[in-house]
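Accompanying notes for the structure given below.
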Amino acid sequence: METRSERRRLLEDGGGEEDPTGLMSEQDAYLSKVKNRNLYLATFVSVLGPMSFGFVLGYSSPALPELMQISDPRLRLDDVQASWFGSIVTVGAAVGGLLGGWMVEKIGRKLSLMFCSLPFVFGFTIIIAAQNVWMLYLGRTLTGLASGVTSLVVPLYISEMAHERVRGTLGSCVQLMVVLGIMGVYLAGLFLDWRWLAICCSVPPTLLMVCMCFMPETPRFLLSQGKRREAEEALRFLRGPDAPVEWECARIENACDERGSSFQMSDLRDPGIYKPLMIGIMLMIFQQFTGINAIMFYAQNIFEQAHFKESDLASVIVGLIQVVVTALAALIMDKAGRKVLLIISGVAMVISTTAFGVYFYLMSKLHNGPASLSLLGEEPHADLAWLALASMAVFIAGFALGWGPIPWLVMSEIFPVKVRGVGSAICVLTNWSMAFVITKTFQDMMSLLTSAGTFWLFASMCILNVIFTIAFIPETKGKTLEQIEASFRGTSGL
């Protein structure tokens, strides 16, 4: 037993380099006996949450045109009400992020995931039964609350279940299911009215609540609660009958014992806590400052300029680009690594947002006026229309390759178990708060800086996020969560 403890400490301290034929062969031998079937099943069930989240984000696009023209005056939305119908989700999600951070620590990852399906279902039920605008607002707020909880809990659940060989791929499935949900609701919106669309949106969270009953709690949470036997049973379910799960269980338990189980404010002096916390916060800030919301705001009109007159079809095409590239990112995540994909993604967005700025600058010269939203009603030169179209395609593909999925994945990997709920809650709150601020101030930025200046500002932020990635983001590919934690506590830095 003493030898095993020494080997576990060697693993946590990154000591595999000192004895590559000892510890690493033991780790490889263990992983060679692992069967991933049940792990994939548990991941598939959990990502019904992000799919529901995608349905929430995408629902307003097909539903708003109907709700703004509906014959019932009690439900008809004006421009201001329509704006709130779309943006109030971010307010609910910010609150949901804080609630999720508390829930995962108090009741665990599994129960948090099951309970978050309730506001999804209740929210869509209220929208289905809506008799006035305030019921629509309440329904959207509840689905936003559930989205905030989901965006925190599911990445944690997957990262704590998965082993290091597939954690990147499975973690990327979170963003993949979000964009699949968005594209799915766009497609369904071509054929269904807003009430039937809400009914369809309530199906995935219902399946989530039922199917999660048969899935395990994460072994790391169970061990942090001192439940060794339940943790071994969960690992046996996730790793298959042939894997000697006692070895992995002992490795995780050793880390839990050494680090303690309760978070105190004084722990913020610990580099193993404040370093990942700062990295997580900056990742979420930079993700929103890429300008993703602005690009998506322009997508429909840019397609119209490029003679795609069917705006509904344009939305589906945008969604398809996101799905294809996010799926590609998931497939190569554990081979290419997080850091490389973030850099490639950032460079692609620098190029595309700079080109967008050039597009609006040239448009302003052609029309002898400031580049602004009004230009979207003009008929540009064909070459300029295709410049905008190409810029948008490159941006969406670049974002989906790295800065879409990876901040959520890295957030789920870098925090020690005792601060995982608190740290993740702060990151989720930061993300949704920045999304709300940027969405609400976007028009002011356009007026103050012009369209060209706004997109060049986004390009500058993308340059900063590339520099930040190179300087501060650790590569987590192929490392256990315990090894990642140890790397932050080391004296060699990041």
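The values are calculated or read from the model by the stated rules, or taken from the named source; none is laboratory data. In this text the structure is predicted, and so the values were computed from the model without any measurement. Heads up, the Cβs are rebuilt from the backbone with ideal geometry, glycines too, and the neighbour counts pull from every protein chain shown.
For the reader, a short list of remarks on this structure follows.
- Number of residues in segment 64-103 that are within 19 Å of the chain's Cα centre (by Cα) and of a type in the set (S, T, N, Q): the value is 2.
- A single member of ARG229, ARG195 is free of Cβ contacts under 8 Å to residues at least 40 places away in the same chain, of a type in the set (Lys, Arg), farther than 27 Å from THR476 by Cβ and part of a helix (DSSP H, G or I), and it is ARG229.
- Breaking point among (1) free of Cβ contacts under 8 Å to residues at least 60 places away in the same chain; (2) under 18 Å from SER202 (Cβ atoms), for ASP78: (2)
- Selection count where residues are crowded, with 22+ Cβ neighbours inside 10 Å and out of contact with any helix residue (DSSP H, G or I) (no Cβ under 7 Å at 6 or more places or on another chain), scope segment 326-355: 0
- Residues that are surrounded by 18 or more Cβ atoms within 10 Å (Cβ to Cβ), over 11 Å from MET212 (Cα atoms) and in contact (Cβ under 8 Å) with a residue 40 or more places away in the chain, drawn from segment 109-122: CYS116, PHE120, VAL121
- Filter result for VAL89 (in a helix (DSSP H, G or I), β-branched (Val, Ile, Thr), assigned by TED's automatic domain parsing to the domain that holds GLY139 and without any contact (Cβ under 8 Å) to a residue 24 or more places away in the chain): no
- Listed by first and then second residue, the pairs with beta-carbon distance under 7 Å, at least 6 apart or on different chains, first residue in segment 158-181 and touching a residue at least 12 places away in the same chain (Cβ under 8 Å), second among the acidic types (Asp, Glu), are SER159/GLU413; ARG165/ASP334; VAL166/ASP334; GLY168/ASP334; THR169/ASP334.
- Filtered residues of segment 186-220 (kept if among the charged types (D, E, K, R), closer than 24 Å to ALA63 by Cα and either modelled with pLDDT of 90 or more or touching a Leu at 6+ places or on another chain (Cβ under 8 Å) (or both)): ARG195
- Qualifying residue in segment 410-424 (condition: among the polar types (S, T, N, Q), at pLDDT 85 or above and either assigned by TED's automatic domain parsing to the domain that holds GLY92 or not in a loop (DSSP other than H, G, I, E, B) (or both)): yes
- Flag if ARG228 is out of contact with any strand residue (DSSP E or B) (no Cβ under 6 Å at 6 or more places or on another chain) and crowded, with 21+ Cβ neighbours inside 10 Å: no
- Candidates in segment 150-197 are the residues that are of a type in the set (A, V, I, L, M, F, W, C), touching a Phe, Trp or Tyr at 6+ places or on another chain (Cβ under 7 Å) and surrounded by 24 or more Cβ atoms within 10 Å (Cβ to Cβ); of these, the one that is farthest from VAL410 (Cα to Cα) is VAL185.
- Residues in segment 46-86 that are within 17 Å of VAL428 (Cβ to Cβ) and either in contact with a strand residue (DSSP E or B) (Cβ under 6 Å, 6 or more places away or on another chain) or not hydrophobic (A, V, I, L, M, F, W, C) (or both): SER46, GLY49, PRO50, SER52, GLY54.
- Against the list (1) in a helix (DSSP H, G or I); (2) at pLDDT below 90, the condition ARG165 fails is (1).
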